[in-house]
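The structure under discussion appears below in the form of C-alpha cells.
The values are calculated or read from the model by the stated rules, or taken from the named source; none is laboratory data. This one's a predicted model, so the numbers in the text were calculated from it and none came from an experiment. Ideal geometry is used to build each Cβ from the backbone, glycine not excepted, and the neighbour counts take in all protein chains shown. These area figures cover heavy atoms from the full protein model, side chains too; ligands, DNA and RNA do not enter into them. Shrake-Rupley method; radii C 1.70, N 1.55, O 1.52, S 1.80 Å.
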Amino acid sequence: MAADVPNLVTEGLAKTYLPKGVFYNPVQEFNRDLTINVISEYGRITREENANKKRKQLKKTTPENSGFSSEMEREEGAEDGVNVRLSLDTDDIAPGVVHAGGLRILEALAASGLRSVRFCKEMSGIKEVVANDYSYDAVETMKKNIELNDVQNLMTASCDDAAMLMYKASRDKKKLFDVIDLDPYGGPTLFLDSAVQAVKDGGLLCVTCTDMAILCGNASEKCFAAYGAMSLKSKSCHEIALRIVLRTIDSYANRYAKYIVPLLSVSVDFYCRVFVRVYSGPQKVKESASKSAMLYECSGCSAHYLQPLGRIVESVLPDGQVHKKFTFATAPSVNKLCCHCNHPHHIGGPLWSAPIHDMNFVNRLISRVRINEEKFGTSKRVIGMMTLISEELPDVPLYYLPDKLSSVIHSMSPGFLPIRSAILHAGYRVSLSHAAINSIKTDAPPSVLWDIMRCWAKIHTINEKRIIQGTPCAFILGKEPELAANFELHENAEPESKKLGLLRYQNGKKDWGPKAKATNDFHDQTEKRKQNQNKRANKRLKKDIDEGRYKQHYCANFRKTGSCNYGDECKYSHDIPVDEATPTT
C-alpha cells in the first residue's frame, strides 16, 4: 500500500503521508533526532527521581526487619507484603507499548504528526502522545499517519488552538503533560504563557525559535515587542538569541511562581532549540532577578559586559544554615565610553546570564546516543555537537571571534590555535562555543584580549595608512600592552572535539534552510520559485510594452559587436542602421 501512495516520507522508523499544504522540513531531522534522545534521557531521569522518592518514603515507613532491601522495593499501589522491584530502566519495554507510569507528551503544533509518530515508534516509557494542530487538513493527515504506523494505542490527534488546549489542560492536574514540544513557524511567544501552566512540576518544555532575524538584531524593536528584550547585531548574536529565549520563558514561568532549569540550549543552522525543566517554588523564583542581566557591547571594538538586575547576598547562620538576602545590583558596570577604544556602548537585553546547559545531562545524552548510534540518521552530528557543548565553559556568557578582533585593528587574523594558546599561557580558560565556528569563550577580560592583539600587531606590522585617528584601531594600538603574550602552541589549545574530527555543522544540501509557512497553494517550494522567477523583471517589461518603450532603443552590445546573447528576447532593438553600427575587427 505504502509504495502506491504519493508524497510518502520516511524518517527514522516512521512513515508519513505528506499532502499539499502540510508543513515538513527534512533539514530539521537533526532537531527531531535530538529531541527524541533528550526526552528519552529525561524520562530515565524522572524514573530515577521517583524511585529515590519511594526509597526515602519506604525508609521512613518500613521497619528494618520487614524484608525489604535496596534492590527490592514496594511499588506504589502494590498490595501489602508483596515485594516489587523498582526498575529504573525501560529498555525491557519495547517502543510502541503503553507504559502506565510513563510520560504524557504534547506536540502542540504537529503538522503531519511525523515527530509524534517517531516518539511512539522509537521511544519506550510513554503513556500517551497528543498531536495537535489547528489545521483540519493537517489533523486528517495525522489520523492517516497514525493508522499507517499502527500507533493508535499511544497517539491521539487533536484539532484545537494550541494555546487553548494547554490552558484547558492546566485547569486539571490529571491532564497536565510531562513534556510539551513547541516547534512553531517563527516565534513561540504566543504559546509560552499556556505552556508553562500546562506542564507538570519538573516537566520538560522543548521550544524551537526560527525567527532568528529579530533575535539576532536585524529588528531589535520587533524582538522587544515579542520577547521583551532588545537584541543586538553582534558577532555573538546566536548565543544572545538563546539567552533572550531562556529569559523570556523564565519570565512567563515566574508569573505563576515557577522557574526554569535549562538542560540543553542549542543554536544551530537557522534556528535555536532549548530544553528546560519547569519547577514550582516561590522561594526559587526570587533568584530569577540575579539570573537576568542587561548587556553592554562596545560599538567600536565589541567588548561586552553584563549588568545583573539583581544580587544575592549569602550569610551563614549560627545553626549552619545559609541565609539568602535578595537585594539590588550595583551599577553601572561600564563607563559612558569604552575604556579600550573610546566608543559608546550599545545596550541589549535583559537576557539569561546563568548557565544554559546542564553538563551532567549533556554527558548522559552523549552516552545514550553512542549506544543507539545506528538508530538515528544524524547521530554523528548529535554526538559531535553535544561533545562540543560539553567542552564549553558553563560560567562564561557569550564569546568573541578572532576575525572580528583582528578586523578592528586591521591586522591579519592570529588564527584559531595561536590566540587560544596565548590566552592559556596568560593563565585563563578558553573554549569553543557551539554557536559559532572558531569562536573564543573565555574568562579573560577584554583588556587581556586586546593586550594579546597588541602583541600580535607588533609581530605582524600593520600598514600605517590603516591607523586613522579617532578610530578604534588608533585608540587600541596607541596603548602599550601590559601583558607579554606567548603565541607558542599550548598543549591544551586544540579542543578534543576538533582532534577527533567530530561532525558538528550541517552539510550543505539542496533547499537547505527555513521553509515557507505551510499553505494550500504550493506543496513544493520549487513550484513557487519557478513562478516567481524574474517576477520584477517581467513586471518592468510589461510596463515598457504598455507604455511603448519596448525595443525603442538600440542594443549597445549588438551595436558594438554585432551579436547579443539575448537574441530575439532582448528588449532593445537590433535593427541598427549600418552607418551607426560599430565595425567589428
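Key figures for this structure:
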{"quantity": "Long-range amide H partners of Arg429 with built H, under 5 Å", "calculated": "Asp443, Ala444"}
{"quantity": "Normalised contact order of the chain, rounded percent, pairs of Cα under 8 Å and 6 or more residues apart", "calculated": "11"}
{"quantity": "Correct option for P(r) over Cα pairs in 20 Å bins from 0, in percent [calculated from the coordinates] among (i) 16, 35, 26, 13, 5, 3, 2, 0; (ii) 17, 42, 30, 10, 2, 0; (iii) 19, 52, 28, 2", "calculated": "(ii)"}
{"quantity": "Cys with no candidate disulfide partner in the chain (beta-carbon separation under 4.7 Å rule)", "calculated": "Cys120, Cys159, Cys206, Cys209, Cys223, Cys272, Cys339, Cys455, Cys473, Cys555, Cys564, Cys570"}
{"quantity": "For the range 200-328, alpha-carbon Rg and Dmax in angstrom", "calculated": "16.4, 53"}
{"quantity": "Dipole magnitude of the chain, debye to nearest 20 (Cβ charges: Lys/Arg +1, Asp/Glu -1, about Cα centre)", "calculated": "1160"}
{"quantity": "List Val268, Val285, ordered by accessible area with a 1.4 Å probe, largest first", "calculated": "Val285, Val268"}
{"quantity": "Accessible surface, 1.4 Å probe, highest first, among residues Cys473, Cys564", "calculated": "Cys564, Cys473"}
{"quantity": "Amide H within-cut-off set for Leu106, under 5 Å, with H built and near neighbours excluded", "calculated": "Val130, Val179, Ile180, Asp181"}
{"quantity": "Separation in nanometres of the label points that stand 7 Å from Cα toward Cβ, at Ala556 and Ala329", "calculated": "5.7"}
{"quantity": "For the range 12-17, 3J(HN,Hα) per residue [Karplus equation, 6.51 cos²θ - 1.76 cosθ + 1.60, θ = phi - 60°, Hz, x = Gly/Pro]", "calculated": "x, 9, 9, 10, 9, 6"}
{"quantity": "Mean separation of Cα contacts under 8 Å (6+ apart) over length of the range 239-323, as relative contact order %", "calculated": "20"}
{"quantity": "Karplus 3J(HN,Hα) series, Hz, for the range 466-473 with 6.51 cos²θ - 1.76 cosθ + 1.60 (x for Gly, Pro)", "calculated": "7, 8, 9, 4, x, 8, x, 4"}
{"quantity": "Within the range 148-276: Cβ-based charge dipole about Cα centre, in debye rounded to nearest 20 (Lys, Arg +1; Asp, Glu -1)", "calculated": "440"}
{"quantity": "Within the range 91-135, backbone nitrogen closer than 11 Å to the virtual label 7 Å beyond the Cα of Ala51 toward Cβ", "calculated": "91"}
{"quantity": "Accessible area of the chain belonging to carbon and sulfur atoms, whole % at 1.4 Å probe", "calculated": "51"}
{"quantity": "Coordinate range along principal axes, alpha carbons of the range 378-426, Å, largest first", "calculated": "40, 24, 19"}
{"quantity": "Cα lying deepest toward the dipole's positive end in the range 357-443, options Val430, Gly384, Leu417, charges on Cβ", "calculated": "Gly384"}
{"quantity": "Listed residue (Ala138, Ile244, Ser231) projecting farthest to the positive dipole end of the chain, Cβ model", "calculated": "Ser231"}
{"quantity": "Farthest positive-ward along the range 299-451 dipole, Cα basis, beta-carbon charges - from Val369, Cys338, Gly320", "calculated": "Val369"}
{"quantity": "FRET efficiency estimate (nearest 0.05) - Cβ-Cβ, Glu491 to Arg255, R0 45 angstrom", "calculated": "0.35"}
{"quantity": "Paramagnetic reach from Ile459 in the range 486-502 [backbone N under 16 Å; point 7 Å along Cα→Cβ]", "calculated": "486-494"}
{"quantity": "DSSP beta bridges in the chain [antiparallel fraction, %, rounded to 5]", "calculated": "70"}
{"quantity": "Residue-span extension gain [Thr61 to Leu500] - 0.36 nm each, minus C-alpha spacing", "calculated": "152.9 nm"}
{"quantity": "Size of charge dipole - the range 254-311 - debye, nearest 20, with Cβ of Lys, Arg +1 and Asp, Glu -1, no other charges", "calculated": "400"}
{"quantity": "Descending semi-axes in whole angstrom, ellipsoid equivalent of the range 117-185, from the Cα gyration tensor", "calculated": "20, 17, 10"}
{"quantity": "Quotient of C-alpha Rg and 2.2 N^0.38 Å, computed over the range 290-376", "calculated": "1.67"}
{"quantity": "Neighbourhood charge, 11 Å Cβ-Cβ cut-off, centred on Pro481 and excluding it, Lys, Arg +1 and Asp, Glu -1", "calculated": "0"}
{"quantity": "Cα shape, the range 325-430, gyration tensor, a/c 1.5 rule", "calculated": "oblate"}
{"quantity": "Per residue accessible area in Å² of the chain, where ligands, DNA and RNA are left out and the probe is 1.4 Å", "calculated": "51"}
{"quantity": "Karplus 3J(HN,Hα) series, Hz, for the range 373-385 with 6.51 cos²θ - 1.76 cosθ + 1.60 (x for Gly, Pro)", "calculated": "4, 6, 7, 10, x, 10, 4, 4, 6, 4, 4, x, 5"}
{"quantity": "Computed over the range 115-249, Cα set: Rg, Dmax in Å", "calculated": "16.9, 49"}
{"quantity": "Residue-averaged 222 nm ellipticity for the chain, from DSSP H runs of 4+ at -39500 (n - 2.57), nearest 500", "calculated": "-10500 deg cm²/dmol"}
{"quantity": "Cut-off 11 Å between beta-carbons: net charge of the residues surrounding Glu297, Lys and Arg +1, Asp and Glu -1", "calculated": "+2"}
{"quantity": "Spatial separation of Cα centroids for the range 189-206 and the range 439-491, in angstrom", "calculated": "46"}
{"quantity": "Subset of Lys54/Lys284; Lys20/Lys375; Lys222/Lys543; Lys291/Lys404; Lys222/Lys324 violating a 31 Å alpha-carbon distance limit", "calculated": "Lys222/Lys543; Lys222/Lys324"}
